[in-house]
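Each reported figure results from applying straightforward, stated rules to the coordinates on display, with no laboratory input. Since the structure is predicted, the reported quantities are computational estimates derived from the model, not experimental observations. Because the Cβ atoms are built from the backbone with ideal geometry, glycine has one as well, and the counts that use them run over all protein chains shown.
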């Protein structure tokens, strides 16, 4: 039975790769083919019994320590229901006679990126697959012409970059969101594009054509209907209607679940953790089968999708590790899964293990450039410039015209403090792919290094428009506005980042700093306390700032409590003296002297050995007064 199920998975992946490649969804076809080749050999029975450790050798304090995956053989292949194969395997769109000849002509033109000619020869077809190819060609033609006609400030010289941004930044600061919509492409959805023969097309027109075709043809194949639903979802997403796009994507996946790009587009429609929970609940109800023995069988693609959701929104880490281990036992050579493992290590700031997994990935699939930009980030953080230089040269030899390659080279120049060259390569990456969120964020960091806050703000805004789920874009906006002393704006963006990353102490600390500068002491105290709770160990600077805020609130007892904790923590750590320790001891000395506790005041004042000359003189004065009072 296990062998039959295993072979069924292989057959479905093989069929999906063939179907999707035929209808020009190349990324999805490539994903299915890689998954198929990444499966363990059918006759290797011993591979299932071997335990697989997901974590590699690294620091014992790593947040991703070694875990043994305890999974039975029957669970590993619990992806599909062999009894309902006819329901899960979509119909193949038949092509015969003249339809096949027309497909061959249109396919060759599509592959040559002659979308207008492809659409011209397919305009009178009634075949569902050819109709999809016709409408898909028209959509790509519209997208290509809109992209070419849209001037982007990023292709201009960096010297005039800031001047061109002043108007859009001023509009954004006063609450006008029109600029953001224009950047994200939402306002372009109704733009008419002349296809060359006097006809103009736009997204509403394409949407109407697809829905009209679906209404007139009720007996389409499952695959044909799924492809058209997928295209409707793409159009709705481009128009800025994520709820409508999700509806179409879910309908498409229900008919044909092996379109991985459709799953990715579905994930991009949600921006909050609560939305991801609701979506997974819906998918569990509709993509799982309960057998007579009560065991729930999840669809293979749903299990892959859950891994992608966890990478974006987090969740139960142990459950994720178990799920990843189960799937990797069946797909031990699947590059996608190995990359997911590395990206999770990176997300949890386990850079040592992330580097090891990326090294294994490069060895296993040496010409795969996907996700190597993240690998360059790991090497940048670990301060390994020679290895980063080798990676940049290696990627350039593979394909210098890939956005990931440009990003890797930009990271190399950034590590050498050559920020102008780094920005140049980030701009090249964005010329190749304007929706490359990673490049927008990193280019914003480079502008911050060059003290160009206005340009950095524009970069972070572009990143947040493309991917509102990325907390780094919102956090970067907050930092940039903080540099400009616009703390109200900074607080708004820090709160956005905090909502996306609620367990990151940096988000709470940044929000607390803004509240403090805005004289909102109660909110600042709460945020600092939350930041302190999330810290692995107590931070003296946070404790001192909490003490000063309580003093400002006329809460002397709480202020004394936090000042005393600063001193106690310093005595335990025996760390290098910092300014806050001296200030805390001086404050405690003054407080105890005021309340005539001269012995305690003397001890605190005697510990003030670092600080400004004025603070040291005040401590000496208290020491002298305490000696007199104690002697008397």
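Side notes on the structure shown:
- Linear extension gain, residue 208 paired with residue 606, 0.36 nm per residue minus alpha-carbon span: 135.2 nm
- Quotient of Cα Rg and 2.2 N^0.38 Å for the stretch 451-550, N being how many residues it contains: 1.07
- Spin-label model distance (nm) - residue 555 vs residue 281, 7 Å beyond Cα toward Cβ: 3.6 nm
- Residues 583, 251, 416, sorted so that the one with the fewest Cβ neighbours within 10 Å comes first: 416, 251, 583
- Stretched out straight at 0.36 nm per residue, the stretch from residue 483 to residue 114 would grow longer than its current Cα-Cα span by 128.0 nm.
- Just so you know, the averaged projected area of the alpha carbon convex hull for the stretch 593-632 sits at 2.5 nm².
- Inter-label distance for residue 594 and residue 617, nm, one decimal - labels placed 7 Å from Cα along Cα-to-Cβ: 2.2 nm
- For the stretch 525-604, the square roots of the Cα gyration tensor eigenvalues, ordered a ≥ b ≥ c, give a/c of at least 1.5 with a/b no greater than b/c, which places it in the oblate category.
- Length-normalised contact order for the stretch 392-507 - Cα pairs under 8 Å, 6+ apart - percent: 16 percent
- Each of residue 272 and residue 18 was given a label point 7 Å from its Cα along the Cα-to-Cβ line. The distance between the two points is 4.5 nm.
- Ordering 440, 587 by the number of other Cβ atoms within 10 Å of each residue's own Cβ, fewest first, gives 587, 440.
- Efficiency of FRET between residue 100 and residue 215 - r from beta-carbon atoms, R0 35 angstrom, step 0.05: 0.85
- Calculated FRET value between residue 123 and residue 535, using beta carbons and R₀ = 60 Å, to 0.05: 0.40
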